[in-house]
């Protein structure tokens, strides 16, 4: 049941739409608060798998990434995986096998990060002391 009277308590909270019979609370409006660019780097990677991650997304915000790229400057990695670290572990949404040494691997699509999520990139097959970098581009959205 929707709220039928805009004078009712708490009507001012959120976005509302009139469907012809009732005022109903609308889903969250997707908006833009600010752009963001993030970078994580390791100038002395360990041999094997290395993770490049940003800080957790803050409470009260949702961040989107439209482009994520990563590179191993020195060695052709076995794979570069783009994903997210959430409670329970890392989840990957795109994997680029063997992109080549000193060659950016990229993923371009919408990925949404909620409060507490950690943007993450895994670079597999590094050689000791490789220089690796990951970059994210997107925008932030404040949520109530």
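The values are calculated or read from the model by the stated rules, or taken from the named source; none is laboratory data. This is a predicted model, so every value here is computed, not measured. Cβ atoms come from the backbone with ideal geometry, glycine included; neighbour counts cover every protein chain shown.
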Next item on the list: Scan (1) surrounded by fewer than 19 Cβ atoms within 10 Å (Cβ to Cβ); (2) modelled with pLDDT of 95 or more; (3) under 17 Å from residue 36 (Cα atoms); (4) touching a strand residue (DSSP E or B) at 6+ places or on another chain (Cβ under 6 Å) for the single condition residue 135 breaks and write down its number.
Entry: (1)
Checklist line | Output for the stretch 76-87, where each listed residue is buried (at least 18 other Cβ atoms within 10 Å of the Cβ) and either in a strand (DSSP E or B) or without any contact (Cβ under 8 Å) to a residue 40 or more places away in the chain (or both) | finding: 80, 81, 82, 83, 84, 85
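Kindly indicate which of 37, 68, 73, 49 is surrounded by fewer than 12 Cβ atoms within 10 Å (Cβ to Cβ), in the same structural domain as residue 113 (by TED's automatic domain parsing) and touching a strand residue (DSSP E or B) at 6+ places or on another chain (Cβ under 8 Å).
Every option except 37 fails the conditions.
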Next item on the list: Specify the residue that is surrounded by the fewest Cβ atoms within 10 Å (Cβ to Cβ); the eligible residues are those in the stretch 88-132 that are within 19 Å of the chain's Cα centre (by Cα) and assigned to a loop (DSSP other than H, G, I, E, B).
Entry: 88
Notebook entry, point to check: Looking at the stretch 16-27, which of its residues are in contact with a strand residue (DSSP E or B) (Cβ under 9 Å, 6 or more places away or on another chain) and assigned to a loop (DSSP other than H, G, I, E, B)?
Noted result: 22, 26
Notebook entry, point to check: What are the residue pairs meeting all of these: first residue in the stretch 105-124, first residue free of Cβ contacts under 8 Å to residues at least 40 places away in the same chain, second residue part of a loop (DSSP other than H, G, I, E, B), Cβ atoms under 7 Å, and 6 or more apart or on different chains?
Noted result: 105/99
